[in-house]
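In what follows, a single structure is set out as structure tokens and then discussed.
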Amino acid sequence: MPAPTTIGHLIDEQLPADLREFLHTAGEHAAGEGFRLFLVGGMVRDLLLGRLSRDPDLLVQSANPSMSDAPDLANMLAKALGGEVASVSQFGTAKLRVSGFEADLATARQETYAFSGALPDVMPATIEEDQARRDFTVNTLAADLSPDAFGTLLDLHGGADDLQQGTLRVLHDRSFQDDPTRLLRAARYETRLGLHMARETEAAARRDAERLKHVSGDRVRHELERIFEEAQPELPLARADDLVLFQTLVSTLEWAPELSRAAQAIREAGHETTPLLYLALLSVPLAKGNSEALVARLNAPVPWAEVIRDTHTLRVRLPSLATEKILPSTVYARLSGLTTESILAWSALAPDQTIRGLLLSFLMKWQSVKPHLTGDDLLALGVPQGPQIGELLQELLNARLDDVVVTRDDEEVLVKDRIAG
Ligand code: ATP
């Protein structure tokens, strides 16, 4: 079957009415103001795949190009459609918020870098030049939104054909060297979209995997976060492991099959999962020095560093839970204050079944237990202001956890007993 040359019918058939109307109206306004407007990137690709995506990326081109083209058009559209321009960047982009979704508008541009890792110097360019900066052919597809050519595909790199064949392909052989974060992006796109890297692309990925070593922690972390936000992050994580990407970050870092099984088991058990659960799972095999190396390598902000460190802390503490007839209050003391993600990760991976059960009991029951009585109640019962209040509240909590007291009356009896004693 020949590759499609238009997506006009897909926009009209697949998109919800508000988005569909927005694309038509935006194309008409742009044409009226002398701009050419294209729908680009993920939404074009996803329409061809029959997948729904919500927030459109738009590319603006004009006869006398200026970096303010996209912000200017965004302002006009905001006025015409009753939306607002949420932000404008120095790189010629603008975010337009209309009811229900956000559209990113970008001026067609070229980027040059004074040195590796520098912020880009940007200048206006043609849409062809703009698309040539992209990561994979399937992301270079652009659909014209002008009223007289609505939906016509601009397909300069064979993206429609690759999409049809299920192929993920870089635009040129040095693509991963130019930007090694594309290696992580490749793992994500392959598994999310059911694509396979072209043979030469995979060879280039394996050849250039080492280059990830030179990418800043912030950029690596950003792409990892995108992976963690996927519906089944274990798929891209396993693929990234297969491409030997993790060892370039920390020499002992890997995503073994048991981590994929743990991720699935946790989700299937109905636990609420957050993206950082997958960071905890990734950190489970790490010894101390290596978890600190991961924190440093990712330039980890506090929430990430906590998860990585807590996961290691638990590795050290878990054996102390393997005591026969351990009390819930003892488990509580050893786990409270640790991140939920690190506990959840170990609940699927601790070697001992009993310990897994204790971790789950803590998460599902014990961590939310509180005494009936508050500090004020203790004062009212005659406990003097001072450290004894805190000590008694802790004793009440332990007594509740261990079922020594159940009701408020039980707690009052215990407190009165302490005061008298
Ligand atoms: P989707 O997952 O739906 O493609 P996304 O949010 O992953 O969207 P973004 O990361 O926002 O995609 O990128 C948007 C577009 O920018 C992509 O279609 C891609 O072509 C381009 N892009 C993003 N990162 C890179 C990169 N490192 N190199 C080249 N192009 C990139």
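The values are calculated or read from the model by the stated rules, or taken from the named source; none is laboratory data. Computed from a prediction, not measured in an experiment: that's the story for all the values here. No Cβ is skipped: glycine too gets one built from the backbone with ideal geometry, and neighbour counts run over all protein chains shown. Ligands, DNA and RNA are stripped out before the accessible areas are found, and what is left, the full protein with its side chains, is counted by its heavy atoms. Shrake-Rupley method; radii C 1.70, N 1.55, O 1.52, S 1.80 Å.
Which of the GluC sites (Glu not before Pro) across segment 225-259 are loop residues per DSSP, with 15 or fewer other Cβ within 10 Å?
Listed in order of number, the matching sites are E229.
Geometric descriptor of segment 318-361, per residue, is 63 Å³ (volume of the convex hull of the Cα atoms). Taking every DSSP bridge with both residues inside segment 79-188, close to 100 percent are antiparallel.
For H312, the solvent-accessible surface computed with a 1.4 Å probe is close to 20 Å², ligands and nucleic acids excluded.
Of the residues E13, E102, E200, the one with the largest accessible area comes first in the ranking E13, E200, E102, computed with a 1.4 Å probe on protein heavy atoms.
Looking at the chain, the accessible area is 47 square angstrom per residue; that uses a 1.4 Å probe and ignores ligands, DNA and RNA. Shown for segment 375-420: the carbon plus sulfur share of the solvent-accessible area, taken with all protein chains present and a 1.4 angstrom probe, equals 51%.
Taking Rh as the Kirkwood radius computed over C-alpha pairs, what is the Stokes-Einstein D of segment 375-420 at 4 °C in a medium of viscosity 1.567 mPa s, expressed in µm² per second?
Values: Rh = 10.5 Å.
Stokes-Einstein gives a translational diffusion coefficient of 123 µm²/s.
Run the accessible area of segment 8-165 with a 1.4 Å probe and give the carbon-and-sulfur part as a rounded percent.
48 percent
Projected onto its three principal axes, the C-alpha set of segment 6-73 covers 36, 20, 19 Å, listed from the longest axis down.
How far is the Cα center of segment 1-73 from the Cα center of segment 335-375, in Å? Using only Cα atoms, the two centres lie 49 Å from each other. In this simple spin-label approximation, R261 and D242 carry label points 7 Å from Cα along the Cα→Cβ vector, and these lie 1.9 nm apart.
The shape of the chain can be summarised by an equivalent ellipsoid whose semi-axes, obtained from the alpha carbon gyration tensor, come to 52, 27, 19 Å from longest to shortest.
What do you reckon, how do V220, V122 stack up by accessible area (1.4 Å probe), largest on top?
Largest accessible area first, the residues go V122, V220.
Derived value for segment 115-272: Kirkwood hydrodynamic radius 17.2 Å. Basis is the mean of 1/r over every pair of different alpha-carbon atoms. Kirkwood radius, segment 235-309, all distinct C-alpha pairs, inverse of mean reciprocal distance: 12.8 Å.
With respect to the chain, whose longest principal axis is taken over its alpha-carbon atoms, helix 199-208 is tilted by about 60°. Largest to smallest in accessible area, the residues M197, M123 fall in the order M123, M197 (1.4 Å probe, all protein chains included). Rolling a 1.4 angstrom probe over segment 175-311 with all protein chains present gives an accessible area of which 48% lies on carbon and sulfur atoms. Per-residue surface analysis assigns Y332 an accessible area of about 40 Å², computed on protein heavy atoms at 1.4 Å probe radius.
Taking only the Cα atoms of segment 333-400, the ratio Rg/Rh comes out at 1.14, with Rh defined as the Kirkwood radius.
Averaging Cα coordinates gives a centre for segment 305-321 and one for segment 209-223; these two points are 26 Å apart.
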